[in-house]
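The structure appears below as structure tokens.
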Amino acid sequence: MDKKCVFIGSKDLGLKALKKIITTCPNTILGCITYDDSKDIRSKLGDFKEYCKGNKIDLIILKKPNELKSIIKKMEPNFCFVIGWYWIIDYETLKLCNDGFIGIHASLLPKYRGCSPLVWTLINGEEETGVSMFYFNEEIDSGDLIAQKEIKISNNDYIDDVLKKVEKEVFNIIEHQYPLIIKGMNNRYKQDNKEISYCAQRRPEDGRINWNKTAEEIYNFIRAQSHPYPGAFIITRKDEKVKIFKSEIFKYKYYGTPGQIVKIEKNTILVICKQGALNLSIENKYTDEEIREMFKYGDILS
């Protein structure tokens, strides 16, 4: 008999993963658990409601993390599938399912365990990332692996490009592995503890550009936080925050003080870095006159 699953997730990727599971293996989902994230601009709560109603899937909307345990006890699934979930699931809850909790992480575990792995991957200038399907345990992202898929990152990829690549592989890994999981035929193997690294949670102030980095480092920093994320930012002479979503490394050497503005053109400023210089694209919402007010030739961005 096929194993039964409770789906736990939120946001766009979570909803798409639920749809993929239903398409791949109908009638294996006992119910769907999400939480009220309606104040988050990324929320898909309304779409979860509509989809679950249309497909006759019981939807439980949590208000607090500690509600999850009692719901899992009541539903008694063989396993839970988790994606797009931003609340910690305590170990006592993880032990409630005989076949555990299974999730997907956007890195080649055990590398980049923790928060915002793709952002940190681009900040560090990595040339590959990946998708890992794994079992949860008491330590963050450290459980046994089921499958992994490598993803190449080009030097021209921004975070949105990488997110699209990851989404494609998430669907592929679900399509190939989920049918094996419900039959109890999936692989399970330990992570290589020699490769462990962790990612800290990103804070809004972490998006500020540090000009004492090289042009390449800042270029990576900007593309890691571009759309659909909030963006890297600079502070103008009038103490205004300006978001930067695109940049280009100046092809010649340029000597000067890090943060010094050496050229201002329409929607572009050229800024000295610790090594080299970087052309920053200013958002189109600013007029030429506003840009000239915010930036002056020779200014030092702090």
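The values are calculated or read from the model by the stated rules, or taken from the named source; none is laboratory data. Here the structure is a predicted model, which means the values were calculated and not measured. Cβ: placed from backbone, ideal geometry, glycine included. Neighbour counts: every protein chain shown.
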Would it be correct to say that ILE261 is farther than 26 Å from ASP160 by Cα and part of a helix (DSSP H, G or I)? no
Hey, does segment 174-184 have a residue that's modelled with pLDDT of 95 or more, in a loop (DSSP other than H, G, I, E, B) and surrounded by fewer than 19 Cβ atoms within 10 Å (Cβ to Cβ)? yes
For segment 52-140, give me every one of the strands (runs of 3 or more DSSP E) that falls completely inside it and has 1 or more residues that are in contact with a Pro (Cβ under 8 Å, 6 or more places away or on another chain). 101-105, 128-135
Is it the case that some residue within segment 209-226 is of a type outside the set (Lys, Arg), over 27 Å from LYS164 (Cα atoms) and loosely packed, with under 15 Cβ neighbours inside 10 Å? yes
Those residues that are over 20 Å from the mean Cα position of the chain (by Cα) and part of a helix (DSSP H, G or I), I need them from segment 19-46; list them, please. ILE21, ILE22, THR23, THR24, GLY46
Can you name every residue in segment 217-253 that is farther than 14 Å from LEU270 by Cβ, in contact (Cβ under 8 Å) with a residue 24 or more places away in the chain and part of a loop (DSSP other than H, G, I, E, B)? GLN225, SER226, HIS227, PRO228, TYR229, PRO230, GLY231, THR236, ARG237, LYS238, GLU240
Give me the pairs, please: first residue somewhere in segment 275-302 and under 14 Å from LYS263 (Cβ atoms), second residue anywhere and among the charged types (D, E, K, R), beta-carbon distance under 6 Å, and either six or more positions apart or on two chains. ASN279/GLU248; SER281/LYS246; ASP299/ARG237
